[in-house]
Amino acid sequence: GAVVSQHPSRVICKSGTSVKIECRSLDFQATTMFWYRQFPKQSLMLMATSNEGSKATYEQGVEKDKFLINHASLTLSTLTVTSAHPEDSSFYICSQNWGDTQYFGPGTRLTVL
Amino acid sequence: GQQVMQIPQYQHVQEGEDFTTYCNSSTTLSNIQWYKQRPGGHPVFLIQLVKSGEVKKQKRLTFQFGEAKKNSSLHITATQTTDVGTYFCAGNSGGSNYKLTFGKGTLLTVNP
């Protein structure tokens, strides 16, 4: 199956700082990647769809100016949490499609102090 | 928008007992996928169901897709401690965007 990597796996930052999370496709080129957020003991919530070479599509209620997505190449999408606050602490996971199946990265656990 | 309901939220069983989790979508699905997430881990793809009434088996796991393509179930026979984790269903309504709507998941714990 497809392999997706994420970096970093864990990050702790101070409130007000920005954090960049990278999602890489290791097996094939991905024109579309997905960014999810998962709070403790909750389900995965789709935040946005990252489209290579164009603007991301954000889900309702997700602030596009706070969660900046860049998909500049076919193997890399980045999510930047700007001016992070404690309520942004969560598990951020990216995924990509191979056929109709989505393969998830290992996730990034963000803790904002 | 599309909603996917999943029950139960939690299930605790003795090792060797069976386990079932159920999903129901508010809309007809193109396909449904099942994932397993171990504590501290990320979701891992288990299977995809596409056809109406489809049944697929993976060793002790049996997956079903309803005739109306709106509901699905995952049944584990004779659970083992290695089955511990949260099982999510995720519905795909079709189209070219491959967006998935996840159920809330069922956390399975197994007492040895």
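The values are calculated or read from the model by the stated rules, or taken from the named source; none is laboratory data. Bear in mind the structure is a predicted one, so any value in this text is a computation, not a measurement. All Cβ positions, glycine included, derive from the backbone under ideal geometry; neighbour counts span all protein chains shown. Ligands, DNA and RNA are excluded from the accessible area calculation, which covers all protein heavy atoms including side chains. Shrake-Rupley method; radii C 1.70, N 1.55, O 1.52, S 1.80 Å.
Summary of values
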item	result
Solitary cysteines of chain A, where the nearest other Cys Cβ is not under 4.7 Å	A:Cys13
Cα pair distances exceeding 14 angstrom across segment A:1-53, given as percent	67
Mean Cβ count within 10 Å, highest first, over the residues of peptides A:24-34, A:53-63	A:24-34, A:53-63
Dipole magnitude (debye, nearest 20) for the protein assembly as shown, charges at Cβ of Lys, Arg, Asp, Glu	100
Quotient of C-alpha Rg and 2.2 N^0.38 Å, computed over chain A	0.99
R0 of 25 Å, Cβ-Cβ distance A:Leu26-A:Asn51: FRET efficiency to nearest 0.05	0.80
Shielding of B:31-42 by partner chains, average beta-carbon count, 10 Å	3
Whole-number D in µm² s⁻¹ for the protein assembly as shown, Kirkwood Cα-pair radius fed into Stokes-Einstein, 37 °C, 0.692 mPa s	182
Of all accessible heavy-atom area on segment A:1-97, the percent that carbon and sulfur account for (1.4 Å)	50
Amide H contacts under 5 Å for B:Lys104, placed H, 5+ residues apart	B:Gln6
Amide H contacts of B:Glu54 (H built 1.01 Å from N, under 5 Å, at least 5 apart or other chain)	B:Phe65
Within 10 Å of each Cβ in B:83-90, the average number of Cβ atoms from other chains	1
Euclidean distance between Cα centres, segment A:62-113 to segment B:21-40, Å	21
Other-chain or far-sequence residues with amide H under 5 Å of B:Ser30's (modelled H)	B:Asn92, B:Ser93, B:Gly94
Tail beyond 22 Å, pair distance distribution of segment B:1-104 (Cα, percent)	26
